[in-house]
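The block underneath contains the structure these notes are about, expressed in structure tokens.
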There are 2 protein chains.
Amino acid sequence: MTALLLVAHGSRRAASNDEIRALTDKLREQAGARFDDVRCAFLELAEPSIPDGIEQCIQAGATDIRVLPYFLSAGRHVAEDIPEEVSGKRAEHPGVRIEVVSYLGLAESMPALLLSMAS
Amino acid sequence: MTALLLVAHGSRRAASNDEIRALTDKLREQAGARFDDVRCAFLELAEPSIPDGIEQCIQAGATDIRVLPYFLSAGRHVAEDIPEEVSGKRAEHPGVRIEVVSYLGLAESMPALLLSMAS
């Protein structure tokens, strides 16, 4: 069972966290057969935390979890904080594959998406 | 002459600002006939500022400028700060159309892009 965990920074502004939850709902609707489970988690300031989000996926039956950082640049959060949070859960669940994929800002199709928004 | 101005937050980390400049180069390469000019600007912590970026577009001949906030959520920066910076330049140049388009996080194709990154 494969799960997608969208990881956002988290905000003091509840509406920003709700935007992430709404985006996660859309991801779930559009995931089709690609993911059995789609959830979100937050690095800070909102719930669930990244370890709790991973745990939710595992409790729901996931054996393969893709963690996708919803971040635009490769700062400390992407380079250090998220991998660190993930590695703790990986050690706890050696039978579960937990992979951190590229952060959003690296998407190859980002220029095309931006051009379509501006045109 | 139509210009696209990608507006990012700006970072103390030079590499993050350079990521924006590299993305702007890709946008310029892929813009084809849609935009005659593609530039970037920063809300804070990096140069050029938003007013300076708009001024550069105008000096290069732009009469129609699309300002695209490279932001993931509709916080104060997107809702207030960017429109405020833009409205000052609009008042200075009444003959130039300056439009702020949707911020990145609102992109309709965002779920599809994220699914393709995670699959």
Within segment A:101-119, tally of residues that are more than 8 Å from every other protein chain (Cβ to nearest Cβ) and either open to solvent by less than 50 Å² (accessible area, probe 1.4 Å) or in contact with a His (Cβ under 8 Å, 6 or more places away or on another chain) (or both): 1
Hits in segment A:70-100 - residues which are aliphatic (A, V, I, L, M), closer than 30 Å to residue B:102 by Cα, more than 8 Å from chain B (Cβ to nearest Cβ) and free of Cβ contacts under 8 Å to residues at least 60 places away in the same chain: A:78, A:79, A:100
Residue under evaluation residue A:30, criteria (1) within 14 Å of chain B (Cβ to nearest Cβ); (2) in contact (Cβ under 8 Å) with a residue 12 or more places away in the chain, criterion not met: (2)
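Hey, among B:42, B:71, which residue is under 20 Å from residue A:104 (Cβ atoms), touching a helix residue (DSSP H, G or I) at 6+ places or on another chain (Cβ under 6 Å) and not small (Gly, Ala, Ser)?
Values: B:42 fails: touching a helix residue (DSSP H, G or I) at 6+ places or on another chain (Cβ under 6 Å).
From the options B:42, B:71, the qualifying one is B:71.
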Unmet requirement for residue B:76, which otherwise passes all of (1) at pLDDT below 95; (2) under 22 Å from residue B:2 (Cβ atoms); (3) of a type in the set (Lys, Arg): (2)
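With respect to residue A:54, determine if the residue is under 21 Å from residue A:11 (Cα atoms), in contact with a helix residue (DSSP H, G or I) (Cβ under 9 Å, 6 or more places away or on another chain) and away from chain B (no Cβ under 12 Å). Give the steps one after another, and end with the answer.
On the way: under 21 Å from residue A:11 (Cα atoms): yes; in contact with a helix residue (DSSP H, G or I) (Cβ under 9 Å, 6 or more places away or on another chain): yes; away from chain B (no Cβ under 12 Å): yes.
Taking the combined requirement at face value, the residue satisfies it.
The values are calculated or read from the model by the stated rules, or taken from the named source; none is laboratory data. What you see is a predicted model; the values in this text were computed from it and never measured. For neighbour counting, all protein chains shown are included, and Cβ atoms are generated from backbone atoms with ideal geometry for every residue, glycine included. Accessible surface areas use protein heavy atoms only, side chains included; no ligands, DNA or RNA. Shrake-Rupley method; radii C 1.70, N 1.55, O 1.52, S 1.80 Å.
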